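The values are calculated or read from the model by the stated rules, or taken from the named source; none is laboratory data. Values in this document were obtained by computation on a predicted structure and should not be read as measured data. Don't worry about glycine lacking a Cβ; one is built from the backbone with ideal geometry, like all the others, and counts go over all protein chains shown.
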Amino acid sequence: MSKEMLNALNTLEAEKGISKEIVIDALEAALVSAYKRHYGQAQNVEVEFDEKKGNIHVYAVKEVTEEVMDSQLEVSLKEAMTINPAYEIGDTIRFEVTPKDFGRIAAQTAKQVILQRVREAERNIIYNEYSAYEKDIMQGVVERQDNRYIYVNLGKIEAVLSKQDQMPNEFYQPHDRIKVYVSRVENTSKGPQVFVSRSHPDLLRRLFEQEVPEVYDGIVEIVSIAREAGDRAKVAVRSNDPNIDPVGTCVGPKGQRVQAIVNELKGENMDIVEWNEDPAVFIANSLNPAQVEDVIFDTENPKVCTVVVPDYQLSLAIGKRGQNARLAAKLTSHKIDIKAESDMEEFYAMYDDGDYDESPEGLQDNLFGEVPAEFTVDADEVVEEVPAEEAEAAEEVVAEDEASEEELTITPDMTDDDIENVAFDQEEE
């Protein structure tokens, strides 16, 4: 060991970014291992590296005892006092046992251990560097692909892009430059592993932060994102400044800002809607471009609602293969049932007898509540065939009821006593 060793350590630190202290620790551990291999024991061996001269010293640490049981681990008090009269029982003394020649095998063992520590240090450096980019966006170059992954070069490491993280409308070729979202970084036994995505919803968030300064500064906030990668996405935004239009800010002059994001995502359609603290308004906005007439919530479950749209807007509100309604449900975290106005009119017509409550509370009960009693049938009363004599008797009863001018009105909220009282009063009259 000499100053050449120190120069080599300095060069390694400059080129690989590995601190000299880490390499010295690895070197000391390697020499302890080599000493143990070739000299039979190393449980009390210490290695010290002289950073000024580049020399290494090996010491055997022995404990001062009254009676020596193991000469490799202990030293007598009498012998210790010849070295320094201040030693007492229980103290430790270091004796230099540096071998003059470790030999070829010892040097090779030391080299292997050093290389292993160097590789571990490099892995930790790469992991620490790329873990800082987790949940962020990076630009890489497509290197190669196999049946499982597409490998993207991010500089010092190859990231993997799985099939579920790829966009179905994209075809990746070697040397293509793409922007990817770093979904997670793992430190495995084989080294750091970086997983990236092109289909993650937060990729949109980071792209908007790059293209729209107001989003990056927090003036315009992206509240939620619903995305079907490669096809269509909905983004709900709100402004923290009343003087700034959040939708117009994200779209940009002549649509330049949002068009840059669409081009990056290879033509993925983008709907930018304004978030509102009123769930009804937010749900109506989320179904854009369809026109919404009314939003009715379930009183028992506020996350369930019925949306009323004009007949000619029904297919637009639902979207191709239900996509518009599906994305709106994801964006608002509500279960949405879309109905046409004509269907609602037919529903209203069921209550033309006057029992229908047209108030908002009554409409909610009618849409989501239990079916009224006058529209229910007991299964025990349903028979497949009625005997002839019973049918004739039933017809006579019906004829008598039709001839009578009196009418017995029974509502679902009446008890048996109430029904008997009403019938008794009419008989008295």
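Count, please, the residues in the range 253-281 that happen to be touching a residue at least 24 places away in the same chain (Cβ under 8 Å) and among the acidic types (Asp, Glu).
Result for the range 253-281: 4.
Name the single residue that is farthest from residue 125 (Cα to Cα) among those in the range 4-29 being surrounded by fewer than 13 Cβ atoms within 10 Å (Cβ to Cβ) and at pLDDT 75 or above.
7
Between residues in the range 119-132 that are in contact (Cβ under 8 Å) with a residue 40 or more places away in the chain and residues that are basic (Lys, Arg), which pairs lie under 6 Å by C-beta distance while being six or more apart or on different chains?
From residues that are in contact (Cβ under 8 Å) with a residue 40 or more places away in the chain, the pairs are 126/156.
Scan the range 191-248 residue by residue and report those that are within 19 Å of residue 159 (Cβ to Cβ), of a type in the set (A, V, I, L, M), over 15 Å from the mean Cα position of the chain (by Cα) and not in a helix (DSSP H, G or I).
Those that are within 19 Å of residue 159 (Cβ to Cβ), of a type in the set (A, V, I, L, M), over 15 Å from the mean Cα position of the chain (by Cα) and not in a helix (DSSP H, G or I): 194, 229.
Applying the selection to the range 206-230, what residues are of a type in the set (Gly, Ala, Ser), surrounded by 17 or more Cβ atoms within 10 Å (Cβ to Cβ) and either at negative phi or free of Cβ contacts under 8 Å to residues at least 60 places away in the same chain (or both)? Please lay out each step first, then the result.
Filtering the range 206-230 for residues of a type in the set (Gly, Ala, Ser) gives 218, 224, 226, 229-230.
Of the ones still in play, those that are also surrounded by 17 or more Cβ atoms within 10 Å (Cβ to Cβ) are 224, 226, 229-230.
224, 226, 229 - these are the residues of the range 206-230 that are of a type in the set (Gly, Ala, Ser), surrounded by 17 or more Cβ atoms within 10 Å (Cβ to Cβ) and either at negative phi or free of Cβ contacts under 8 Å to residues at least 60 places away in the same chain (or both).
Can you pull out every residue in the range 70-105 that is farther than 23 Å from residue 38 by Cα and either assigned to a loop (DSSP other than H, G, I, E, B) or at pLDDT below 80 (or both)?
Result: 84, 85, 86, 87, 88, 89, 90, 91.
Which members of the range 250-266 meet the condition of being exposed (fewer than 13 other Cβ atoms within 10 Å of the Cβ) and of a type outside the set (D, E, K, R)?
Of everything in the range 250-266, those that are exposed (fewer than 13 other Cβ atoms within 10 Å of the Cβ) and of a type outside the set (D, E, K, R) turn out to be 253, 255, 256, 263.
So which pairs qualify, if the first residue must be in the range 44-67 and touching a residue at least 24 places away in the same chain (Cβ under 8 Å) and farther than 15 Å from residue 6 by Cα, the second must be surrounded by 13 or more Cβ atoms within 10 Å (Cβ to Cβ) and small (Gly, Ala, Ser), the Cβ gap must be under 7 Å, and the two must be at least 6 apart or on different chains?
Once the first residue is touching a residue at least 24 places away in the same chain (Cβ under 8 Å) and farther than 15 Å from residue 6 by Cα and sits in the range 44-67, its partners that are surrounded by 13 or more Cβ atoms within 10 Å (Cβ to Cβ) and small (Gly, Ala, Ser) give 44/60; 45/60; 64/80; 65/76.
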